[in-house]
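Worksheet for the structure shown next.
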Amino acid sequence: MKGSGEKAVEVALHYIREHYAEDLSLERMASVVFLNPAYFSQLFKQKTGQGYKEYVTSLRLEQARLLLLNPKLKLAEIAERVGYQDMKHFTQMFRKRTGLTPTEYRQQANINIQLSKGTPPQ
């Protein structure tokens, strides 16, 4: 049988995947799993190998990369869909993780898609 700490992290991971666009402060997540924030943070890192904030940021930016493949979505809409209310902060975090701005990433991804289809980039 799994310990309560391991179960709490499993519940948290499921909750994060379902609610990544919402407020996912450490304090809020700890209250969802009925643990002290400091203890939850320690437990989360121990069980996942990643800090809580780092995990949430990685998930949000991975979702953003997928959404950027849709040229019909505006950047501000993508930022909001993945939990960033501040476009500047979203761009900074995206660039820090990928080395590209969201616009640069979208352009590069679209070129790669066109090349894979055998269509010359425009």
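Per-structure values
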read-out	value
Förster radius 25 Å - calculated FRET efficiency between residue 54 and residue 110 (Cβ-Cβ, nearest 0.05)	0.30
Relative contact order [Cα under 8 Å, 6+ residues apart], the stretch 55-103, whole percent	28 percent
FRET efficiency estimate (nearest 0.05) - Cβ-Cβ, residue 22 to residue 70, R0 30 angstrom	0.90
Positive-end extreme of charge dipole, the chain - chosen from 91, 55, 26 (charges on Cβ)	91
Degrees between helix 52-67 axis and first principal axis of the chain (Cα, 0 to 90, nearest 10)	30 degrees
Note, ³J(HN,Hα) from phi for the stretch 33-41, Karplus 6.51, -1.76, 1.60, rounded to Hz, x at Gly and Pro	9, 6, 10, 5, x, 5, 5, 4, 4
Loop chymotrypsin sites (Phe, Trp or Tyr not before Pro), the stretch 9-78 (other Cβ atoms within 10 Å of the site Cβ: 16 or fewer; DSSP)	34
The stretch 4-122 - percent relative contact order, Cα under 8 Å, separation 6 or more	20 percent
Probe 1.4 Å - accessible area at residue 18, Å² to nearest ten	120 Å²
Modelled label reach - residue 6, point 7 Å along Cα→Cβ, the stretch 16-58 residues with backbone N closer than 12 Å	47
Computed accessible area, residue 93, all protein chains, 1.4 angstrom probe, square angstrom	40 Å²
Cα long-axis angle, helix 102-116 against the chain (0 to 90 degrees, to the nearest 10)	60 degrees
MRE, 222 nm, helices only [DSSP H, n ≥ 4, -39500 (n - 2.57), over the chain, to nearest 500]	-21500 deg cm²/dmol
Centre separation in Å (Cα based) which lies between the stretch 81-105 and the stretch 1-69	20 Å
Under 27 Å from the Cα of residue 72 - lysines, other chains or at least 8 residues apart	88, 96, 117
Inter-probe distance in nm under a simple model that places probes 7 Å from Cα toward Cβ, at residue 31 and residue 86	2.2 nm
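The values are calculated or read from the model by the stated rules, or taken from the named source; none is laboratory data. Just so it is clear, the model here is predicted, and its values are computed rather than measured. A quick note on method: Cβ atoms are made from the backbone with ideal geometry, for glycine too, and the neighbour counts reach across all protein chains shown. Accessible surface areas use protein heavy atoms only, side chains included; no ligands, DNA or RNA. Shrake-Rupley method; radii C 1.70, N 1.55, O 1.52, S 1.80 Å.
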